[in-house]
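Notes to accompany the following structure.
Please treat every number below as a calculation from the coordinates, not as lab data. Computed from a predicted model, the values in this text were never measured in an experiment. Please note: Cβ atoms are built from the backbone with ideal geometry, for glycine as well, and neighbour counts cover all protein chains shown.
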Amino acid sequence: MWRKLTLPLVVAALAWLSAEWLWEQEAETPAEAPLADVESPDAFMEGVVMRAMNTQGRPRYEMRATRAVHFSRGDRTEFNTPFITFYRPDGKLWTLAAERGRASDGDRDILLSGEVLMRRPQNPAQPTGPAAVEVFTRELRIFSDREYAETDQPTTIVHAYGQVDAVGMKVWFEQERLQLLSQVKGIYASTH
């Protein structure tokens, strides 16, 4: 009779010891640490409107975005569909629209990416009306305190007299000056 009970008792004892051992292993295993590389935002906003003023209290530029998310690491803010307007002393303005934007160093360094469109409207009272000049590119870095922008990407400029394609561009908004850097090709259409 002991022979018939011995095998089941041994199996039951081994099962109980194995379960006890596994339970102790789970209790000793530390909880997984949060992912160190995952970054969480510390603030976000919807329907963003931000204005920067000059020393006379007049607007230098204005940025609008559907959404902004700020990250404390690197003090950067990411924007969805940013729209920036640079105001000039003579009343003219430049507008810039993009799919995405990222600002760092406060708002001094702004990177627009995706489809980027820079325009100088014919009539400043109608910023989205007909444009005197339109510039298309995929990435544009803006240094807002200097009212300067640059890109090393392919760029297309469309104006009343034709179209110019280039790779790389520098822009001085206040002086209304564009400098094309390389591979410049233009199509000029005479109005006469």
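Taking amide hydrogens as modeled 1.01 Å from N in the peptide plane, which residues meet the under 5 Å criterion relative to ARG76, leaving out close sequence neighbours?
Amide H to amide H, under 5 Å and 5 or more residues apart or across chains, ARG76 pairs with PHE71.
Please sort by residue number the chymotrypsin sites (Phe, Trp or Tyr not before Pro) in segment 142-192 whose DSSP state is loop and whose Cβ has at most 16 other Cβ atoms within 10 Å.
In loop regions of segment 142-192 (DSSP not H, G, I, E or B), the sparsely surrounded chymotrypsin sites (Phe, Trp or Tyr not before Pro) are TYR161.
Can you list residues from other chains, or at least 5 along the same chain, whose modelled amide H is less than 5 Å from the amide H of ARG60?
ALA52, MET53, ASN54
For ALA132, enumerate residues with amide H under 5 Å from its amide H, sequence gap 5+ or separate chain, H modeled in the peptide plane.
Correct list: ARG120, GLN122.
Quick check of the Kirkwood formula: for segment 79-153, what is the inverse mean of 1/r over all pairs of different Cα atoms, in Å?
12.5 Å
Suppose the chain between ASP42 and VAL133 were pulled fully straight at 0.36 nm per residue; how much longer would it get relative to their current alpha carbon spacing?
Full extension from ASP42 to VAL133 adds 28.9 nm.
Tell me, in nm to one decimal, what length is gained between TRP172 and GLU24 on full extension, where the rule is 0.36 nm per residue of separation less the Cα-Cα distance?
Working it through step by step, the gained length comes to 46.4 nm.
Of VAL133, THR85, GLY57, which is farthest towards the positive pole of segment 43-152's charge dipole, taken about the Cα centre with +1 and -1 on the beta-carbons of Lys, Arg and Asp, Glu respectively?
The one lying farthest along the dipole's positive direction is GLY57.
VAL69 to ASP90: extension gain in nm, 0.36 nm per residue of separation minus the Cα-Cα distance?
Values: separation 21, 0.36 × 21 = 7.56 nm, distance 3.39 nm.
Length difference between fully extended and current span is 4.2 nm.
Would you mind getting me the FRET efficiency between GLN153 and ILE187? Use the beta-carbon distance for r and R0 = 30 Å, nearest 0.05.
0.90
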